[in-house]
Amino acid sequence: MVIGRGRETGANGRGFCYHYASGTALPVPADESRACPRPPSGSFLEVMPRMIHMRNVSKYYVEDKPALVDVDVEIQSGEFVFIVGHSGSGKSTLIRLLLRELLPTTGEIVIAGQDVIRMKSWKVPYLRRNIGCVFQDFKLLPNKTAYENIAFALEVIGKSRHVIRTQVPEVLRLVGLEDKIDSYPDELSGGEQQRVSIARAFVNRPPLLLADEPTGNLDPQTSLGIMKLLERINKTGTTVLIATHDREMVDTMRQRVIALEGGRMIRDQDRGVYGYVD
Amino acid sequence: MSINLGYFIRESVVNFRRNWVLSLGAVITIYLSLLLVGVSLATSVVVTNIVKSVEEKVSIQIFIKDGANSSDVTSLQNAVAKDDLVKSVRYISKEEALRIFKEQTMKESPEIVEQLEDNPLPASLDVELKDPRNVEQMVVKIKANPDFLKVCDRPDKPEESLKYSEQTVKKLFALTNIVRVVLAAFIGMLAVVSLIFINNAIRLAIYARRKEIGIMRLVGAGNWFIRTPFLLEGVIQSLIGAALAIATLGVVRAALMPRIGEALPFLPMSVNTTASLQISAVLVVSGVLIGLVGAAFALRRYLKV
Ligand SMILES: Nc1ncnc2c1ncn2[C@@H]1O[C@H](COP(=O)(O)OP(=O)(O)O)[C@@H](O)[C@H]1O
Ligand SMILES: [Mg+2]
């Protein structure tokens, strides 16, 4: 059973809802269709209200076995969105397409007004500087402290020592780890490690933050803390997109949910729930 | 860019320390390869010197009969001297020939000199050629000269009146060509071996740092920012190898060359300062090239950015 609605933005900038049940498109005013937090005035976000635009995106790693089929996603600046689905439904593929780690087989992807597919490869690093990302396995360097891990991310994109010295402690305070600044990853709990990795993703204040199963390795209590942290980051104006199959979490958070199944988008719902029983 | 330079050097040093076994392996192979390249080049310099010194000794001697008409001899001398192939012609009189003979023979067998009553040696024209390879062509020309038959030592057998070391020259050229080809092949092989070793060392360095590289990509480090430390590492490794090779060659040159020179006094074995500076420059440049190319191969294959 498929319920819910898809979303597209027409040429006039107004959205319309698509009723999967009835199979008809019902035009609605754009402002009614999405109540999203207003971006801070004067920011990059204000001039780029549409953060993610994916249209007819398909990805075939191998012929005849698509990982994504005809996916259309529109995400406005400042939204908080879950991508849910079983293992193998294509969530990670979608994230990797947005990071331009992969190119789609067909379709178009535009992030903050930039055509990701036609982008020259030397420009890709600059795209990624505007996208924070968080993974299930934290991706921290074991031989560096919490501070050094975050400083490393700033250093390799050429930030000055001054910027590093002021921003790293600040972002560690934001994620609640000011007293773990000199701890190595193996001296931190899973939840704390994930906070460090979120701090690293957020230290540049990117307009977009992607998270692929950020709570996949954590217990429910810790997971909730991580989700609340991501929600707080979202409140600062950063668009947050989280791939997860953590049903309880999604149901608690009451945010927009995009559901994938076998690479197809089967549902796109405001204040959604995970939606089906395994 | 000042932070970047500091960063790159720090990264390369950290890399080197972390993978010091591998880096050392790369340095040693480059050192050995460049050392052999250096030895080959030095050998080639020595061989060239030897060939030159032998070439200089290649000349055609025309023996003149006693009592030949001196205007005929002069006319032959002038005709030969005018030829394009000829560098110089020198007339050696009977007396001078005897004096040279005495000088050469006196040390080894003075009894022969003492037994000489009159002068058995003929006068001669010594023809030195611009290029020793043309020796046979010149011989033909001389034989065709009408004055030659008039003045030559043995008009019945004109060939006998000409002396030149045709076989020696041919053999020497064949030998030096073989030596050159073998050295070139050897150097080529060594370059390939060094490339493989650098490629391997950098591949392992990339593998050891794959996690860092993944994170660097993720946070948007530039492609060249990611690549540069590896290129630099390849270059540093080969520069250390080149420095060691140059030092070794210097020591060998200072310690060994004089002894070889003593043992083989008749061969010009020395490698002069200019030549050894040139060899050092070649080693540094080829070291840097090998380092860059080897690292670039590894980056192309193992570091997709
Ligand atoms: N690198 C890859 N090569 C081939 N097939 C892949 C690759 N990555 C993922 N897939 C396939 O694509 C499908 C979607 O995978 P993925 O996007 O990882 O799903 P999810 O993250 O929802 O578990 C799966 O069938 C998976 O086997
Ligand atoms: Mg996944």
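State, in angstrom, two size descriptors of the protein assembly as shown derived from its alpha carbons: Rg to one decimal place and Dmax to the nearest whole number.
Spelled out, the Cα radius of gyration and Dmax of the protein assembly as shown are 41.8, 135 Å.
Find the sum over both chains of the accessible area lost when A and B are paired, probe 1.4 Å, and report it in Å² to the nearest 100.
About 1600 Å² of accessible surface is lost on pairing.
Nothing charged except the Cβ atoms of Lys and Arg (+1) and of Asp and Glu (-1): what's the magnitude of the dipole of the protein assembly as shown about its Cα centre? Round to the nearest 20 debye.
1880 debye
Could you pull the accessible area for B:Asp66 with a 1.4 Å probe, rounded to 10 Å²?
Rounded to the nearest 10, the figure is 100 Å².
Which value, in nm² and rounded to one decimal, describes the direction-averaged projected area of the C-alpha convex hull of chain B?
Across all orientations, chain B yields a mean hull projection of 22.9 nm².
Region B:178-305: D in µm²/s via Stokes-Einstein (Kirkwood Rh, Cα pairs, 10 °C, 1.306 mPa s)?
Answer, rounded: 93 µm²/s.
Calculate, for B:Ile112 and B:Val288, the FRET efficiency according to 1/(1 + (r/R0)^6) with r their C-beta to C-beta distance and R0 60 Å; round to the nearest 0.05.
0.45
With r as the distance between the Cβ atoms of A:Ser189 and A:Glu248 and R0 = 22 Å, compute the FRET efficiency 1/(1 + (r/R0)^6) and round to 0.05.
Result of the calculation: an efficiency of 0.60.
Name the residues of region A:94-129 whose accessible area falls by at least 30 Å² when all protein chains are present instead of the chain alone, probe 1.4 Å?
Output list: A:Pro125, A:Arg128.
Please report the antiparallel percentage of DSSP beta bridges with both residues in the protein assembly as shown, rounded to the nearest 5.
70 percent
Write out the trypsin sites (Lys or Arg not before Pro) in region A:119-198 meeting two conditions: DSSP loop, and at most 12 other Cβ atoms within 10 Å of their Cβ.
Passing sites in region A:119-198 are A:Lys120.
Take chain B, connect every pair of alpha-carbon atoms lying under 10 Å apart with a spring to form a Gaussian network, then pick out the residue of B:Ser88, B:Ser109, B:Ser280 with the largest mean-square fluctuation.
Most flexible of the set in this elastic network: B:Ser109.
Within chain B, which whole H helices from DSSP have a Cα span along their axis of at least 27 Å and a mean Kyte-Doolittle hydropathy of -0.5 or more, if any?
In chain B, the long hydrophobic H runs are B:20-57, B:166-208, B:223-263, B:273-302.
What's the average, rounded to a whole number, of partner chain beta-carbon atoms within 10 Å of each residue's beta-carbon in A:150-157?
Other-chain Cβ atoms within 10 Å of each residue's Cβ, averaged: 5.
Given the convex hull of the Cα atoms of region B:131-223, what is a quarter of its surface area in nm²?
Its average projected convex-hull area is 10.5 nm².
At R0 = 41 Å, how high is the FRET efficiency between A:Arg50 and B:Ala208 if r is their beta carbon distance? Nearest 0.05 is fine.
The value I calculate is 0.45.
Residue by residue through B:239-249, how many Cβ atoms from other chains fall within 10 Å of the Cβ on average?
0
With every protein chain kept in place and ligands, DNA and RNA left out, what is the accessible area per residue of the protein assembly as shown? Probe 1.4 Å, answer in Å².
Computed with neighbouring chains in place, this is 52 Å² per residue.
The values are calculated or read from the model by the stated rules, or taken from the named source; none is laboratory data. Keep in mind it's a predicted model, so treat the numbers as computed, not measured. All Cβ positions, glycine included, derive from the backbone under ideal geometry; neighbour counts span all protein chains shown. The accessibility values were calculated without ligands, DNA or RNA, using every heavy atom of the protein model including side chains. Shrake-Rupley method; radii C 1.70, N 1.55, O 1.52, S 1.80 Å.
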